[in-house]
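Just so you know, all these numbers are worked out from the coordinates, no wet-lab data involved. A quick note: this is a predicted structure, and the numbers were derived from the prediction, not measured. Quick reminder, even Gly has a Cβ in these numbers, built from the backbone with ideal geometry, and neighbours come from all protein chains shown.
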Amino acid sequence: MWIFGTKGASGFSASSTSEQVTDGINGSGLTAVVTGTTSGIGAETARVLAMRGVHVVMAVRNMEKGVTVRESILLETPNAKVDVMELDLSVQASVREFAAKYCCSGLPLNILINNAGVLSPQFKLSKDEIELHFATNHLGHFLLTNLLLETMKKTSYEQKTEGRIINVSSSGHRFAYTPPFDDRIDDESSYNPVYAYGRSKLANILHAKELARRLKEEGVNITANSLHPGFIVTDIFRSYNIFSVICNAILKYFVKDISQGAATTCYLALNPKVKGVAGAYFSDCNLAEPSPRCEDVELAKELWEFSLCLTSCK
């Protein structure tokens with residue numbers, strides 16, 4: 001249990017749970033795509049959104065685990081609408097295949113939650129020969145968002161509803177080194193897992209800010225925001241076995257549980273208090289201040305162009 005819980009302007013705090021921040025909200029008629037839903041805060045986000053009546057499409061790399069999570073959601077909420085679709089964010093061909101199938105399905109899209117992430121101690125390249133953290137945590141979501149954006153725009157227009165795009169970042173974005181976005185991201189000799197992870201999480205925030213700016217300029221009723229879920233021991237630490245054991249045994253009273261960790265995501269997805277809010281960064285279901293670099297408009301534009309180049313999505 002998280003021991004500090006001072007409520008912010010939203011009326012919620014670090015100890016608030018995903019069910020509490022969505023209490024009384026009816027999500028019927030809404031459709032959400034959530035990445036990385038086989039465990040942790042992704043699975044909890046899918047569960048709570050489905051509980052609130054949202055049609056949830058679980059975008060997962062491991063279909064077997066995804067089906068298991070779906071079945072557990074249906075046991076709790078038998079009338080829930082939950083689908084499972086395969087998606088490997090580290091492989092751009094997989095992202096394109098997922099987006100093509102989704103767009104051909106005829107499903108609307110109100111909410112896109114870019115939640116999935118990796119944290120690897122070893123230097124690895126994706127199938128597209130891009131450093132794994134950047135390829136998965138940022139580029140995969142950047143490409144996915146771009147490919148699903150027209151569907152979101154159409155849904156927003158036809159249903160006269162606000163679309164919401166949510167990037168799950170981390171306070172780890174503060175560890176990104178300078179310069180963060182150039183060809184050296186694939187240089188093994190300068191690799192540091194903390195810096196690499198931080199760079200991808202900085203990219204999540206800058207992506208949301210630049211996307212929000214572009215959507216506002218276009219006059220589209222879709223918002224984009226980012227968040228820090230809090231410190232939670234989830235499967236993202238599966239490569240750090242000793243660290244996970246220590247956290248579970250000693251630090252469990254100082255870290256959030258899964259329901260508290262998913263609260264800010266669920267808050268941004270459904271709560272009416274954030275209607276119209278865009279380009280912002282949240283923590284503990286309240287507005288928060290990211291590092292000064294996240295306010296760099298030119299850096300956000302630079303990242304956007306760099307990401308377009310790497311995904312050939314012009």
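So which residue, out of Ile185, Ile41, Ile222, gets the largest mean-square fluctuation from a GNM of the chain using Cα contacts under 10 Å as springs? Largest GNM mean-square fluctuation: Ile185. As an equivalent ellipsoid, the chain spans semi-axes of 26, 24, 20 angstrom, where each value is the square root of five times an eigenvalue of the C-alpha gyration tensor, largest first. Residue separation of Arg293 and Asn192 scaled by 0.36 nm, minus their Cα-Cα distance, works out to 34.4 nm of gained length.
Most mobile of Ala50, Ala203, Ala176 per a Gaussian network model of the chain (Cα springs, under 10 Å)? It is Ala176. A crude spin-label estimate for the pair Glu76 and Asp183, with each label 7 Å from Cα along the Cβ direction, gives 4.8 nm.
A helix-only calculation puts the chain at -12500 deg cm²/dmol for mean residue ellipticity at 222 nm, using -39500 (n - 2.57) for each DSSP H run of at least four residues, averaged over all residues. Please compare each pair in Lys101/Lys153; Lys7/Lys216; Lys7/Lys256; Lys216/Lys275; Lys154/Lys275; Lys160/Lys273 to a cut-off of 21 Å on the Cα-Cα distance and tell me which ones are over it. Pairs exceeding 21 Å: Lys7/Lys216.
Pop the C-beta distance of Ser28 and Phe231 into the FRET formula with R0 = 41 Å and round what comes out to the nearest 0.05. Working from the Cβ atoms, E equals 0.75. Span-like helix check, the chain: qualifying full DSSP H segments, with Cα axial length of 24 Å or more and mean Kyte-Doolittle of -0.5 or more, are 140-159. When Leu144, Leu125, Leu119 are arranged by Cβ crowding within 10 Å, least crowded first, meaning fewest neighbours, the order is Leu125, Leu119, Leu144. Sorting Lys275, Lys201, Lys154 from the fewest to the most surrounding beta carbons within 10 angstrom yields Lys275, Lys154, Lys201.
Full extension of the chain between Arg214 and Val67 gives 49.3 nm of extra length, using 0.36 nm per residue less the Cα-Cα distance. Note on region 152-192 and region 14-31: Cα centroid distance 24 Å, given to the nearest whole angstrom. Highest GNM mean-square fluctuation among Thr31, Thr151, Thr264, for the chain modelled with Cα contacts below 10 Å: Thr151.
Along the axis of the charge dipole computed for region 18-307 (Cβ charges of +1 for Lys and Arg, -1 for Asp and Glu, origin at the Cα centre), the listed residues Thr22, Phe306, Ala263 are led at the positive end by Thr22. Computed from backbone phi with θ = phi - 60° and the Karplus coefficients 6.51, -1.76 and 1.60, the 3J(HN,Hα) list for region 111-126 is 9, 10, 10, 8, 9, 4, x, 10, 9, 10, x, 9, 6, 9, 10, 6 Hz; x is used for glycine and proline.
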